[in-house]
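Peer 1: Take this structure first; my questions come after.
The values are calculated or read from the model by the stated rules, or taken from the named source; none is laboratory data. Keep in mind it's a predicted model, so treat the numbers as computed, not measured. Positions of Cβ are backbone-derived with ideal geometry, glycine not excepted, and every protein chain shown enters the neighbour counts.
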Amino acid sequence: MLMARRNLGRDRTRLLLNIAGVALAILLILLLTGIREGMFRQITSYLDRTPGSLLVSQGGVENLLSVTSLLPAGATARVQGTRGVESVIPILSQYTILDLHGRKQAAYLIGYVPARGGGPWRLAAGRAPRADDEAVFDRVLAERHDLALGDRVDVMGRTLEVVGLSEGTTSWMTSFFFLRKSAVESLVRLPGATSFLLVTTDEGASVDDVRSRLASLDGVDVHTKGEIAANDRKLFARYFSAPVTLMAAIAALVGALVVGLVIYTATVERQRDFGVLKAIGAPNRSLYLVVVAQSLIASLGGVVAGSVLAIGARAGIMALRPQFLIVLEPADFVLALVVGLGIAMVAGLYPARRIGGLAPAEVFRR
Amino acid sequence: MDPILEMNHVSKVYGEGATEVKAVQDVSLALEPGEVVLVMGPSGSGKTTLLSMLGALLRPSQGEIRIDGTDLTRLSESQLPRLRLQNFGFIFQDFNLLSALTALENVMLVAQLAGARNGDARRRAVEILTDFGLQGRLDFLPEKLSGGEKQRVAIARALINEPAVILADEPTANLDSKIGFEIMRLLRQIAKEQRRSVVVVSHDQRIREIADRVLWLEDGGFKTLAATASDPVCGMAIEKDRAAASLTWEGAEYFFCSRGCRAEFEAGLRSAPLPA
Amino acid sequence: MIRLAWRNLTQNPARLLISLGGVSVALVLMLTLDAIFTGMEQRVTAFIDRSGADIFVSQQDVRNMHMASSSLARGQQARVKSVAGVASVTPILYVTNPILAGKDRSLAYIIGVPSDAKAGGPWEIESGREDPGAGGVVLDVGVAAKAGIGLGGEVEILGDTFEVVGLSHGTASMAGSVAFISLDDFADLWQDSDTVSFLLVETAPGEAPEQVAAGIEARVRDVTAMTRQEFARQERKVVRDMSTDILAIMNIVGFLIGLAVMALTVYTGTLSRRAEYGVLKALGARNGKLAATVVWQAVISVSLGFLIALILTSLLTVAAPLASASLRLVIGLPSVAKVVVTSLVIAGVASLLPIWQMARLDPATVFRRR
């Protein structure tokens, strides 16, 4: 161990580079997984925060986002009348593209009945809409596009006044904004239409029973909120999770490469020292330990540095681009540690084998 | 004839006060074109420091060094590389050829550093390597060359820019005795035929035969070994004016390392005649 | 010095391989992501480009199809038809929703077209017919293949079952595919026969679409009229604006990875040759020449890495569609230019530390005893 420390310490620059390489890998992995987890949370935020345990949708629809759902006429009344249903929140929702000062911004429009719920769960400023030309926008979206209370926005042919700014309704891809349900009905020219019903069951009633009763109704599908959220996450994962995971894997690989290269060159330059040790009679095992110890020390240093950098980068990115949510939890840092150790093992492997194959006679070469 | 290289009262001091080390003290030297000078001395005597200063690799603490009239000590750092390229050729104990380049490319590179065009550099390099008998080794990497061949490539590299002075640091230390001898004869031939000065730092006694002058550097200062002789009994090289004992016999003067050797010699004289 | 740089690089194949590998991985990342988004950008407008319409009339302020919807009163159709320069008007209904083909659930633009549609229907039929008719659907051939169904197979759309009567080409992208059903069927599913989504206008020969579009907006209330090119441009903008943030992140990631590998290999490469560089300095090489050698080594490395990345990405553009019909990669010139510049920046930055270290190298060390 001592020799490992001295071996590495002899070239401080190299040690720093080593740590930097691992730190970079750890930083990237933490940030990428943090962004992905943050996206998942943002996607399911509406379902997580809106009351109800079941979601009733048009037949064949099993997502909330990325789809357009239209319940058959009279569905709301029928669901309301089903035994075990305590209350029902109807919403009419769809995606729109907002053209805000030259930039296209996707937003998820939710038309709700303020008295029945289904709207923003927390307001940073202002109030809920009281008229059909009033809207509540996501606070972060409003900030990014310089919208304030009282400003007017053109949406689908209607001019809306911003009367409220909501909190927790942000996502880097889309943000939510809320209108009265009647307003949305006239925007899409479907009076009385409803996309989804969020159902709260009676206390004491079995959710499964209520679900099967509702499922027997014509033209609708019933899912738990959890299932819908999972489906939305899956849909997102299909398009974005793969590249993000791929990049995290590549980052880990590169970290291993970096450490491996540094350890390798350090070992090669100290070939004579190792040869001497061998000639004196040191067993291969102890030499392996020296090499592995070197990469361990560097990797652990890199894990710490990378974790600190990730925490800082997270704060920076979220301050500069508040539409991104980056989630870092203790479990992530444990993952980072495991990755760091993995890098150390892999990186030390080839140089260790090289030492193992070293002929002790090396020591007499000039 | 004007000396091509002059050192005047040059000193090199490292450190300060209590830790002060005088590597070279008040050394003066004048080198004529075509002269071969050998610098010998014990380890730590300052030979390397001296060679470094001569080659404009190290600045003296005091004194001046003139090459062809130009005072090295007055030049700025940025002017020195060009000066070295054009006026000095270096030969090293470890050959120091670039391992990734062939013999030909090693020599060409130095020509190109001095501004030669690709074609011209190649032509000159081929010519000089052929002169040294290496025409069959032009495309060999250093790892494939023998010690003697490597040193000859190094010499070719040292000569390619036609420098006035060649500085050699232990050129024969890594060569076996036969090859080493050939290398030294080659250096002497170059010095005489091409009128280039050669300064050699070495421990190798055999080089003394080819040197015009032998300088002994000890504790940072020069001592000229005036003349040397061999002790006939034990074979040691003796400076004539520092011999412990001497003897004149039949008109020839003999020098001995000690009185003991002289006594043995005298005893031998009495018992058998010396070979002619 | 180029020659020396090249020889130094090739003398240590293991190190060269690692640096080339790391750099090309990073550059492939950047090129591939760009290619995916460029391909998506181009594909996302496939319907618009091939629809056969010269002008798209939509609900006022609606300028996109992707992630948007438009609702017009049916009565607007007659009013649009009466505008000068309009040769034909085809109403379509449109929604983006998952469709269930076999066991496969995927997102699709669902287009309801009338049976005599002059525009808005499938543009390249591989087999079957192009008019979906009652109860029929024209499905993308790749989607059908993936679901394991063919003509006569069943597809569930918006809760109802349809029979595959035609298979179409060019109707799939990463964002989804396009499925065509009849306008009447769509209206039934939507419980509304009074609304249409878009009106597709063919202009009379010799008429300039921009002027006719302006005329439509002037004469018909509450609509937006765009030429096909303008509509397509707006759609591409959606993809571009939405992907800029994520692309920026990924590009930075790629850049950092490439830089890390390059910096380290150049550094260790220079370090291991420190003695030789010392010799060169002693012989009279100036710092500039040594720096040039280091920079050339870096430039050669990244150039090779870039070439490898370009070749790999090009292979991917050929292989990807074979793996999945909706995956389409397009390597655009701006992307290549950007990656070239990035590579050179990487080479430059990676050389900085070694150059500085070499400048400080004392040539007198060449005489040091080993």
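Peer 1: Got a sec? Which of C:Leu315, C:Leu283 is out of contact with any Ser or Thr (no Cβ under 6 Å at 6 or more places or on another chain), more than 11 Å from every other protein chain (Cβ to nearest Cβ) and at pLDDT 85 or above?
Peer 2: C:Leu315
Peer 1: Name, by its number, the condition in (1) in contact with a Phe, Trp or Tyr (Cβ under 6 Å, 6 or more places away or on another chain); (2) within 14 Å of chain C (Cβ to nearest Cβ); (3) polar (S, T, N, Q) that does not hold for A:Ser175.
Peer 2: Condition (1) is where A:Ser175 drops out.
Peer 1: Considering only residues of the stretch B:80-91 that are hydrophobic (A, V, I, L, M, F, W, C) and more than 7 Å from chain C (Cβ to nearest Cβ), which is nearest to B:Pro142 (Cα to Cα)?
Peer 2: Checking each candidate, the answer is B:Ile91.
Peer 1: In the list B:Leu138, B:Leu57, which residue meets the criterion of being more than 14 Å from chain C (Cβ to nearest Cβ) and in a loop (DSSP other than H, G, I, E, B)?
Peer 2: Sole residue among the options that is more than 14 Å from chain C (Cβ to nearest Cβ) and in a loop (DSSP other than H, G, I, E, B): B:Leu138.
Peer 1: I would also like to ask the following. Just to be sure I understand, how many residues within the stretch C:276-291 are in contact (Cβ under 8 Å) with a residue 12 or more places away in the chain and either of a type in the set (D, E, K, R) or surrounded by fewer than 19 Cβ atoms within 10 Å (Cβ to Cβ) (or both)?
Peer 2: Final tally of qualifying residues: 4.
Peer 1: Something else now. With respect to the numbered conditions (1) more than 12 Å from chain C (Cβ to nearest Cβ); (2) surrounded by 19 or more Cβ atoms within 10 Å (Cβ to Cβ); (3) at pLDDT below 90, which one is the sole condition not fulfilled by A:Gly9?
Peer 2: (2)
Peer 1: Okay, next question. Of (1) at pLDDT below 80; (2) closer than 26 Å to B:Asp176 by Cβ; (3) of a type outside the set (Gly, Ala, Ser), B:Cys234 satisfies all except one. Which?
Peer 2: All conditions are met except number (1).
Peer 1: In the stretch A:121-143, how many residues are surrounded by fewer than 18 Cβ atoms within 10 Å (Cβ to Cβ) and either under 16 Å from A:Ala107 (Cβ atoms) or hydroxyl-bearing (Ser, Thr, Tyr) (or both)?
Peer 2: Within the stretch A:121-143, residues that are surrounded by fewer than 18 Cβ atoms within 10 Å (Cβ to Cβ) and either under 16 Å from A:Ala107 (Cβ atoms) or hydroxyl-bearing (Ser, Thr, Tyr) (or both) number 1.
Peer 1: When you check A:Ser87 against the structure, is it in the same structural domain as A:Val199 (by TED's automatic domain parsing), within 24 Å of the chain's Cα centre (by Cα) and under 13 Å from A:Leu198 (Cα atoms), yes or no?
Peer 2: No, not satisfied.
Peer 1: Of the residues that sit in the stretch B:121-166 and are of a type in the set (Gly, Ala, Ser) and more than 21 Å from the chain's Cα centre (by Cα), which one is farthest from B:Met53 (Cα to Cα)?
Peer 2: Here the residue is B:Gly136.
Peer 1: Considering only the stretch C:23-67, how many residues are in a loop (DSSP other than H, G, I, E, B), within 14 Å of chain A (Cβ to nearest Cβ) and of a type in the set (A, V, I, L, M)?
Peer 2: Final tally of qualifying residues: 3.
Peer 1: Would you pick out the residues in the stretch C:232-255 that are facing another protein chain (nearest Cβ under 7 Å) and in contact (Cβ under 8 Å) with a residue 40 or more places away in the chain?
Peer 2: Hits for the stretch C:232-255 are C:Val238, C:Met250, C:Val253.
Peer 1: Across the stretch C:1-20, which residue is surrounded by the most Cβ atoms within 10 Å (Cβ to Cβ) among those that are without any contact (Cβ under 8 Å) to a residue 12 or more places away in the chain and of a type outside the set (Lys, Arg)?
Peer 2: Among them, the one singled out is C:Gln11.
Peer 1: Identify the residue in the stretch C:329-365 that is away from chain B (no Cβ under 14 Å) and among the hydroxyl-bearing types (Ser, Thr, Tyr) and, among all such residues, is nearest to C:Ser301 (Cα to Cα).
Peer 2: Step by step, filter the stretch C:329-365, then rank; the result is C:Ser343.
Peer 1: Looking only at the stretch A:47-60, decide whether some residue is more than 20 Å from A:Val207 (Cα to Cα), surrounded by 18 or more Cβ atoms within 10 Å (Cβ to Cβ) and either more than 10 Å from chain C (Cβ to nearest Cβ) or hydrophobic (A, V, I, L, M, F, W, C) (or both).
Peer 2: No - not one qualifying residue is present in the stretch A:47-60.
Peer 1: Across the stretch B:168-226, what is the total count of residues that are outside any helix (DSSP H, G or I), basic (Lys, Arg), over 24 Å from B:Thr49 (Cα atoms) and in contact with a helix residue (DSSP H, G or I) (Cβ under 9 Å, 6 or more places away or on another chain)?
Peer 2: The total comes to 0.
Peer 1: Quick check: is even one residue across the stretch C:179-192 in contact (Cβ under 8 Å) with a residue 60 or more places away in the chain, surrounded by fewer than 23 Cβ atoms within 10 Å (Cβ to Cβ) and touching a helix residue (DSSP H, G or I) at 6+ places or on another chain (Cβ under 9 Å)?
Peer 2: No, the conditions are met nowhere in the stretch C:179-192.
Peer 1: Okay, next question. Every residue in the stretch A:90-124 that is under 24 Å from the mean Cα position of the chain (by Cα), farther than 24 Å from C:Ser71 by Cα and of a type in the set (A, V, I, L, M), please.
Peer 2: Matches in the stretch A:90-124: A:Leu123, A:Ala124.
Peer 1: Looking at A:Thr76, A:Thr68, which is the one that is assigned to a helix (DSSP H, G or I), closer than 15 Å to A:Val220 by Cα and within 14 Å of chain C (Cβ to nearest Cβ)?
Peer 2: Just one listed residue meets the conditions, A:Thr76.
Peer 1: Inside the stretch B:237-257, can you point out the residues that are surrounded by fewer than 16 Cβ atoms within 10 Å (Cβ to Cβ), at pLDDT 80 or above and small (Gly, Ala, Ser)?
Peer 2: B:Ala244, B:Ser246 - these are the residues of the stretch B:237-257 that are surrounded by fewer than 16 Cβ atoms within 10 Å (Cβ to Cβ), at pLDDT 80 or above and small (Gly, Ala, Ser).
Peer 1: Additional query: Any idea which residue in the stretch C:153-168 is farthest from the other protein chains (Cβ to nearest Cβ), counting only those that are within 20 Å of C:Ala187 (Cβ to Cβ), assigned to a strand (DSSP E or B) and touching a strand residue (DSSP E or B) at 6+ places or on another chain (Cβ under 7 Å)?
Peer 2: C:Val165
Peer 1: Given the criterion assigned to a helix (DSSP H, G or I) and either at pLDDT 85 or above or touching a Leu at 6+ places or on another chain (Cβ under 8 Å) (or both), identify the matching residue among A:Ala361, A:Ala313.
Peer 2: Going through A:Ala361, A:Ala313 in turn, the sole match is A:Ala313.
Peer 1: Does the stretch C:102-153 hold any residues that are surrounded by fewer than 18 Cβ atoms within 10 Å (Cβ to Cβ) and either in contact with a Cys (Cβ under 9 Å, 6 or more places away or on another chain) or of a type in the set (A, V, I, L, M) (or both), and which are they?
Peer 2: Passing the criteria: C:Ile125, C:Ala134, C:Ala145, C:Leu151.
Peer 1: Taking only the stretch B:97-126 into account, find how many residues are part of a loop (DSSP other than H, G, I, E, B) and either loosely packed, with under 15 Cβ neighbours inside 10 Å or out of contact with any Lys or Arg (no Cβ under 9 Å at 6 or more places or on another chain) (or both).
Peer 2: Final tally of qualifying residues: 2.
Peer 1: Please specify each residue of the stretch C:169-189 satisfying the condition of being of a type in the set (Gly, Ala, Ser) and either within 11 Å of chain A (Cβ to nearest Cβ) or touching a Pro at 6+ places or on another chain (Cβ under 8 Å) (or both).
Peer 2: C:Ala175, C:Gly176, C:Ser182
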